[in-house]
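Structure record follows, encoded as C-alpha cells.
Read-outs throughout are calculated quantities, based only on the coordinates presented, and are distinct from any laboratory measurement. Keep in mind that what you see is a predicted model, and the values were worked out from it rather than measured. Because the Cβ atoms are built from the backbone with ideal geometry, glycine has one as well, and the counts that use them run over all protein chains shown.
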C-alpha cells in the first residue's frame, strides 16, 4: 500500500463512489432526511444491516486512515508488532510532535530533541518503514495541523491517537480521537467498534465582528455544555454563521470539541473549505467535493426543522458574541473577557500575567497569526512593548515557512517574542521554564490560545493558573500584562506616556501568495520493508516489548483493596501525567511510575498522589502502592468521581493500571475515550447507578464484584463492600459492554482477540 504525503485522489473517489447509494439507503431506513454526521457515518459502516439506535447501539465502522502522534504511537506500534502482520491495512502516518521540549527557541529545542529522543525517533521511523506507514519527522508540525493541511477531506473518516483529532472536522471530515488499541484494530484490518452517537446541533446565525473570533464560539459552547455535556455525541454546526467562518476557524472549534467530551465535531462543506483546499494545493479534492456537495451537507429538511433531527439544539448569534476566556483548571469555566478582572480579584488570583502563548494545533492558522500580528505591528509602531514573556508556536512547517516569508514572525519578534519549534511544546506539558523568572510553586497566571488548562498541564506547576482565549486576545493581554484588561474599552500607555487604544485586529484568511511548503519532512515507506529490523534494546529505558495481558480466569473479583478513591477532577493528566513522563511512553513499566500521581485522595490527611498501602499500612505514593500490589500478586480497584478520564486520549492511563494488576474501575461517570481504553485493555469499567454510593466506600473497605460469569450487555453488576468490622452491603453498577466488547474482557484485551484471529487465518 502506497502511503503519500497527502490523501490520494483514488481514495477519495472510492469514498464518494458509495455516497449516493448508502445515503439513499439511510434515508429509506430511517424514513427521514439525514444530518451530515449521519451521512458520513452511514457511508463508513462495515455492514449496512447494523442497529443504529443513538446512544445505545454499537456499530462497526471502516475509517479511511489512521494518524498517530509520537507519544501515543510508541505503544500503538508496540501492540501492532504483536499482531503478526506484515503491513498496515489502511493508510497510516506517525507524526513526531509531542516529544520536543520548549525551553530556548525552536532551532535549539529541535536539535536537543533530536539528540534526546534519537532512540524513539529511530524506532518510529523504522517501524513505519517496516509496516508500510508514513513518518513525519520532528519539526513537521503538530499532527492535527498536518492532517488538516495534507489528509483531511470532506466526507472522509479518520481516527487518530490524540483527543484533538476532531480538528479535521473543519474540513467536513468525521475525525475522532481514540486510544492506541482502537488504532491497532483498524491498522490490522478489523473494523472500529464504537457506540452510534447522539447528535447535538449548534445553529450559528449572524457573523463575528470586532474582537470576537472562532475561539469564542467553542468557549461559549463549552460554557453551555460543560466538560461532559458532549459525551457520546457528535456536535454538528450549521447555519449562515457557520458559512461565514474560515475553514481554519471551523477547525479551531472542532479541535476544542474534545473539551466537552464530544465524540467529534463537524461542519458542512462550503466555499471556505473549497478555498482552503485550493490554497493547500488540493484543487483536485475541491473539485471532487464540489461534485458531491449535496451529500456533504445536512439535508435541507434538517436545516429547516433542526429540533426534529438533533437530540439537542443550541442557538448562538455570532453578531452578539463577545470575546471570551476560560479557566483556570477546567475548559468549561468561561466568561466574557471584560468580566475576568473582577472575578480574579474576588478569587484572589494574580492579576499580572507571567507568560502569554500563541499558537498550537488549535490556533496557529494563517488567519490566526495575521490577526495577532496586526496587533503586534500596531503596538510596535505606537511605542508599546509586551509586559510579559511572549511565545509563538507555529502549528506546522508549512505555517512557519509561510508566516516567515510574509514577515509575520518578524512582527512578533520586534516585540521580543520567542518562536518555538513546530510542535506541541507548552500545550501538552513540554515546557521547561527554568530559564525564566519563574519560581515553581508560586501562584502565577498564563494566557494561551491552546485548548486545555488542567492543573500542571502546561509547565508541571500546580500553582500556574492557565486561561485560554483567542490569539488576538492573548496578544492584547501580553501588551497589558494583566488579566483585568479589556481591549474593547481599555487603553494602554506607551513609553511616552501616551494613551493607545488598540484597533480591531485584521486577519487574512489565506496567504495571498499561497502557502510556502517549507522543508520536506515526510518520509514515505519503502516498497518492501520486510528486511528492515526494528531494534528495541533489552536494557532500554524508553522502549519495552510488550507481554500480552492474561485472560480473565472466569471467577468473580473478591476482597479487593481500593488503591485510590479520587476526588474531583480525575483526568488522564491526573492518571498518567505528561511532561517529563513523556519520555517513557514506549516503556510500560517505567511510565507506570507516574500512575495516579495527580490524583486527589478522597480520604483526608494525604498529599496529592499519596494514599494508604493496605498490605503494609504505610503511607506511600500511588505508583509505589501499585508496584507493591503488583509484586505481591494483589489485584485492586480504582474509584473515580465524575467524568473519569477526561482529557487526552492516552491509553497509558488504562494500560498502566492493568499492568499493575488493576482489574476494576468504578466511577460516577466516564469520559468516552478512557472508558473504551479500559475495556480494550481488559479492565472492567463500572458506573454507579446511584452516584451517592461513591460516598459509601471508605478507605479500609474491601470490594467484591459479583456475577461476572453472567455478565451481559445492559445487565447491572453487583458490587459488595466488606467493612473492617465484618459488615457487608452491596449496590448496583452498570456498564457499556457490547457482546463483542465482552470478549475483550474475557480474553484479557482486545489485542488478544485480534492476535488469536490473525494467527488462525
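I need the fraction of alpha carbon pairs in segment 580-666 separated by more than 22 Å, rounded to a whole percent. Present the calculation step by step, with values, prior to reporting the outcome.
On the way: 824 of 3741 pairs.
Value for segment 580-666 (Cα pairs over 22 Å): 22 percent.
Placing pseudo-labels 7 Å out from each Cα toward the beta carbon at residue 434 and residue 535 gives an inter-label distance of 2.9 nm.
Checking the a/c ratio against 1.5 first, then a/b against b/c, what shape does the Cα gyration tensor give for the chain?
Working: a/c = 1.45, a/b = 1.22, b/c = 1.19.
Because its axes are fairly even, with a/c under 1.5, the chain counts as rounded.
For residue 307 and residue 545, the difference between the fully extended length at 0.36 nm per residue and the C-alpha to C-alpha distance is 80.6 nm. What distance in nm separates the simple spin-label points at residue 725 and residue 689, each placed 7 Å from Cα in the Cβ direction? Placing both labels 7 Å beyond Cα along the Cβ direction yields 2.7 nm. Distance from the C-alpha centroid of segment 242-273 to that of segment 350-409: 22 Å, rounded to the whole angstrom.
Can you give me the Cα centroid spacing of segment 1-61 and segment 707-761 in angstrom? Centre-to-centre distance over Cα atoms comes out at 31 Å. Is the C-alpha gyration tensor of segment 274-326 telling us rounded, prolate or oblate? Criteria: a/c under 1.5 is rounded; beyond that, a/b larger than b/c is prolate, otherwise oblate. Cα axes put segment 274-326 in the oblate bin. Helical runs (DSSP H, four residues minimum) scored at -39500 (n - 2.57) apiece and divided by the length of the chain put the mean residue ellipticity at 222 nm at -8500 deg cm²/dmol.
Would you mind pulling out the separation of the Cα centroids of segment 76-129 and segment 474-509, in Å? One Cα centre to the other: 41 Å.
The label point for residue 508 and the one for residue 414, both projected 7 Å from the Cα toward the Cβ, are 1.4 nm apart.
Using a Förster distance of 25 angstrom, determine the FRET efficiency expected from the C-beta separation of residue 104 and residue 351, and round it to 0.05. Walk me through the intermediate numbers first.
On the way: r = 29 Å, r/R0 = 1.15.
Between residue 104 and residue 351 the formula returns 0.30.
Estimated from the Cβ-Cβ distance and a Förster radius of 56 angstrom, the FRET efficiency linking residue 555 and residue 496 is about 0.10.
Please give the length that would be gained between residue 87 and residue 294 if that part of the chain were fully extended, namely 0.36 nm times their separation in residues minus their C-alpha to C-alpha distance (nm, one decimal). Let's see the in-between values first.
Values: separation 207, 0.36 × 207 = 74.52 nm, distance 3.60 nm.
Gain in length upon complete extension: 70.9 nm.
If both residues of a DSSP beta bridge must be in the chain, then about 40% of such bridges are antiparallel. Here 236, 51 are placed in order of increasing Cβ neighbour count within 10 Å, fewest first, which gives 51, 236.
Label segment 507-572 by shape, choosing from rounded, prolate and oblate, from the square roots a ≥ b ≥ c of the eigenvalues of the Cα gyration tensor; if a/c is under 1.5 it is rounded, and otherwise prolate applies when a/b is larger than b/c, oblate when it is not. Can you show the working numbers first?
Values: a/c = 3.34, a/b = 1.55, b/c = 2.16.
Taking the square roots of the gyration eigenvalues as a ≥ b ≥ c, segment 507-572 is oblate.
Each eigenvalue of the Cα gyration tensor of segment 9-319, multiplied by 5 and square-rooted, gives one semi-axis; in descending order these are 31, 24, 18 Å.
Work out the FRET efficiency for residue 381 and residue 224 from their Cβ-Cβ distance, taking R0 = 45 Å, and round it to the nearest 0.05. E between residue 381 and residue 224, to the nearest 0.05, is 0.70.
Neighbour counts of other Cβ atoms within 10 Å put 710, 411, 299, 539 in the fewest-to-most order 539, 710, 299, 411. Alpha-carbon geometry of segment 427-572: the Rg and the Dmax are 25.3, 78 Å, given in that order. Of the beta bridges in segment 557-760, as assigned by DSSP with both residues counted there, near 60 percent are antiparallel. Kirkwood-type hydrodynamic radius, segment 536-694: 15.7 Å, calculated from all non-identical alpha-carbon pairs. Remark: the residue 21-residue 320 segment gains 103.5 nm on full extension, using 0.36 nm per residue and subtracting the alpha carbon distance. Got the relative contact order for the chain handy, in percent, Cα pairs under 8 Å and 6 or more residues apart? For the chain, the relative contact order is 14 percent.
If I take all pairs of Cα atoms in segment 323-500, what percentage of them are more than 28 Å from each other?
Result: 18 percent of Cα pairs exceed 28 Å.
Residues 187, 273, arranged from fewest to most other Cβ atoms within 10 angstrom of their Cβ, appear as 273, 187.
Here segment 134-232 is treated as an ellipsoid with the same Cα gyration tensor; its semi-axes, largest first and in whole Å, are 27, 19, 12.
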